[in-house]
Amino acid sequence: SIITPTYNRGENISDVIESIEKQEFLNWELIIIDDGSTDNTKEIVQGYCENNDKIKYIYQTNQERSVARNTGISAALGDYVCFLDSDDYFQPSHLKELAEHIKINADKQFFFTDLTIKCGEEFSIPSMKKYKLGEDFIEYCTLACIATSRACVKRSLLDTEKFDPLIRISEDTDLWCRIANNDIVFNV
């Protein structure tokens with residue numbers, strides 16, 4: 001399950017959706033939680049929903065991204081949950097590579113990837129410290145930002161732990177530190 005919170009991102013949301021539709025891994029669902037948009041986001045997303053039943057649209061009054069992500073978690077049917085912000089997108093092999101690592105590392109429950117930054121037509125891969133098994137994950141996580149679009153979490157971990165709606169900055173780091181420890185984390 002891929003969860004995308006959005007708010008007034010009509011100009012970006014098509015790129016997000018199309019990045020999921022281009023995935024080499026086909027067993028996905030995309031849940032878009034519209035957090036009270038007042039632009040054309042709803043019309044754009046509903047157009048995609050009409051042509052692809054793997055895309056689900058949920059509208060809620062504006063409550064910020066933590067509540068929107070939690071709404072998506074509650075609606076998710078997959079065994080694993082990925083998060084994709086509405087100004088990001090996944091490369092076509094993203095889900096396939098995650099699925100391969102999940103299969104090989106079945107004892108792990110929290111996976112996170114590196115990232116590529118696109119500025120104009122240029123791509124760059126920022127230098128990021130790799131997580132090593134056995135390393136203190138909480139220390140690593142607080143020093144190396146694991147943005148939500150980098151994360152893939154076993155659904156069962158999210159049954160009891162959710163994003164804290166009272167935290168507006170680094171709400172993802174807070175959740176990762178609460179659900180993860182050294183023996184369940186894998187850096188793809």
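The values are calculated or read from the model by the stated rules, or taken from the named source; none is laboratory data. Everything numeric here is computed off the predicted structure, so don't read it as measured data. As a convention, Cβ positions derive from the backbone with ideal geometry for all residues, glycine included, and neighbour counts pool all protein chains shown. Accessible surface is based on the protein model in full, side chains and every heavy atom, while ligands, DNA and RNA are left aside. Shrake-Rupley method; radii C 1.70, N 1.55, O 1.52, S 1.80 Å.
Taking residue 130 as the anchor, which aspartates and glutamates have their alpha carbon closer than 12 Å to its alpha carbon, excluding any fewer than eight residues away along the same chain?
Correct list for residue 130: 114.
Provide the convex hull volume over Cα atoms per residue for the chain, in Å³.
Value for the chain: 118 Å³ per residue.
Antiparallel as a % of all DSSP beta bridges within the chain, to the nearest 5?
The answer is about 35 percent antiparallel.
On the full set of protein chains, 1.4 Å probe, figure out the accessible area of residue 96 and give it in Å² to the nearest 10.
Approximately 90 Å² for this residue.
About its Cα centre, how strong a charge dipole does the chain have in debye, to the nearest 20, once Lys and Arg get +1 and Asp and Glu get -1 at the Cβ?
400 debye
Taking Cα atoms, how many degrees apart are the long axis of helix 65-75 and the longest axis of the chain, rounded to 10 and kept between 0 and 90?
That helix lies at roughly 90 degrees to the long axis.
Would you list 28, 176 from the most to the least accessible area, probe 1.4 Å?
28, 176
Suppose accessible area is computed on protein heavy atoms with a 1.4 Å probe; arrange 115, 26, 166 from highest to lowest.
166, 26, 115
P(r) for the range 1-79, please, calculated from all Cα pair distances in 5 Å bins and given in %.
Each 5 Å bin holds this share of Cα pairs: 3, 16, 30, 26, 18, 6, 1.
With a probe of 1.4 Å, find how much accessible area the range 1-128 has per residue, and write the answer as a whole number in Å².
About 52 Å² of surface per residue is accessible.
At a Cα cut-off below 21 Å, give the lysines reachable from residue 132, other chains included and same-chain residues fewer than 8 away excluded.
Here the lysines satisfying the reach criterion relative to residue 132 are 103, 108, 154.
Compute the angle between helix 94-104 and the longest alpha-carbon principal axis of the chain, please, reported from 0 to 90 degrees and rounded to the nearest 10.
With rounding to tens, the tilt is 40 degrees.
Once both axes come from the Cα atoms, what is the angle between helix 41-51 and the longest principal axis of the chain, in degrees from 0 to 90, rounded to 10?
Tilt relative to the chain: about 90 degrees.
Report, to the nearest whole %, how much of the accessible area of the range 34-187 belongs to carbon and sulfur atoms, 1.4 Å probe, protein only.
52 percent
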